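Have a look at the structure below, then the notes.
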Amino acid sequence: MDTRSTIQTSSHNTSNRLVTYLSMTRPVNCLMIGLAVVVGEVINLGVIPPLDRLVLGFLTASLMMAGTMVLNDVYDIEIDRVNAPTRPLPSGRATLTGAYLLAGVLSIASIISAILLGLASLLIALLALGLMVFYNARGKRLGLLGNMIVSFNVALPFVFGGISVSSLRPAVFLFSLLAFLSNLGREVAKGIVDVHGDSVHGVKTLAVLKGARAAALTSAGLFVSAVIVSLVPPILGIVSIWYLPIVLVADIGFVGSSASLASKPEPERAKKVKNIVLLWMLLGLVAFLFGGLAH
């Protein structure tokens, strides 16, 4: 092999490794959690926040999510050998050392960003990081309680966004509740997908303890609860007219996903539902943004 071929091969391998480690951060999740903070800032201010607040808020949340997602894969490696053997760590495409290093760097960068936002923002960031480290290390095996920890952290960015711009409106707590309910429904649905590996490794999800049907009905119930709560802000008159048409599209999606999961509570169907629900959650974020910005 000549020098040029060797360089090309090395460059290709490096690119593959970078893509592999990037995939462990769950970029879509990171984008959504970062946007949630920005939306929280907008809801609480009623206008686009100052650029430094916007960027630092986005970075704090997205970098923390990235770091904890990588750490999640580290703690899940044995479960993933059963549930998802093609993932980077169980497949050998990524190393534990590399994963620990990446998780540490991302988490430290997140905390530095929070420091620049101020003491209150730093304290909330440390709380969120502590909860996620606990969840990855021990909380996951607590089943529904673990799901609630994750969902609390998904709801927290809206409040964090308000604190980062020194403003908290009552509407933000309703939006946080919406995020909590919809994500909790998604977490319960994920338990159906991972039921085999979870049962082997003692993870007490609702699907493991009560069966897939009970988990599917609970997940659907949580989604429908989120839909009901989503109608409260316009009734109270605390959002603009742009909120309702956008959130109704998300609501229709949630109701459809609920019916789909309840009618066929099987791992393959649950996997499709948990993925499509991310789209409905993203639409919800857009509704929150326009509802808060123009109000």
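Name the residue farthest towards the positive end of the dipole of the stretch 170-295 from the options Ser258, Phe290, Trp280, assuming +1 on Cβ of Lys and Arg, -1 on Cβ of Asp and Glu, about the Cα centre.
In the stretch 170-295, that residue is Ser258.
Rounded to whole Å and ordered largest first, report the semi-axes of the equivalent ellipsoid of the chain derived from its Cα gyration tensor (root of 5λ).
Equivalent ellipsoid semi-axes, largest first: 31, 26, 17 Å.
From a point 7 Å beyond the Cα of Leu142 in the direction of its Cβ, which residues of the stretch 179-211 have a backbone N at a distance under 16 Å?
Only 184, 188, 203-206 fall inside the zone, counting backbone N under 16 Å.
Arranged from highest to lowest average of other beta-carbon atoms within 10 Å per residue, in what order do the peptides 41-52, 86-97 appear?
The densest-packed peptide leads the list: 41-52, 86-97.
Applying a 10 Å radius around every beta-carbon, put 219-228, 62-71, 162-171 in order of their mean neighbour count, most first.
My ranking of the peptides, most packed first, is 62-71, 219-228, 162-171.
Mean separation of Cα pairs under 8 Å and 6+ residues apart, divided by the residue count of the stretch 207-259: what relative contact order is that in percent?
Result for the stretch 207-259 is 44 percent.
Report the Stokes-Einstein translational diffusion coefficient (µm² s⁻¹, integer) for the stretch 170-295, Rh taken as the Kirkwood radius over Cα pairs, at 10 °C with viscosity 1.306 mPa s.
Taking Rh from Cα pairs, D becomes 108 µm²/s.
Using the membrane-span-like helix rule (whole DSSP H runs, Cα extent along the own axis of at least 15 Å, mean Kyte-Doolittle hydropathy at least 0.0), which helices of the chain qualify?
Long hydrophobic helices here: 27-45, 51-75, 96-117, 119-137, 144-164, 171-193, 212-230, 243-263, 267-293.
Ranked highest first by the average count of other Cβ atoms within 10 Å around their residues, in what order do 178-188, 75-85 fall?
Ranked from most to least packed, the peptides come out as 178-188, 75-85.
Which whole-number percent is the relative contact order of the stretch 1-159 (Cα, under 8 Å, 6+ apart)?
For the stretch 1-159, the relative contact order is 27 percent.
Could you pull the Cα extents of the stretch 113-248 along its three principal axes, largest to smallest, in whole Å?
Between the extreme Cα coordinates on each principal axis of the stretch 113-248 lie 46, 37, 16 Å.
If one computes the Cα centroid of the stretch 19-37 and of the stretch 85-130, what distance in Å separates the two points?
If you average the Cα positions of each part, the centres end up 12 Å apart.
I need to check one value: relative contact order of the chain, counting alpha carbon pairs closer than 8 Å and at least 6 residues apart, in percent.
20
Each value in this text was obtained by applying a stated rule to the coordinates, not by laboratory testing. Treat the numbers as computed from the prediction; the structure is a model and nothing was measured. As a convention, Cβ positions derive from the backbone with ideal geometry for all residues, glycine included, and neighbour counts pool all protein chains shown.
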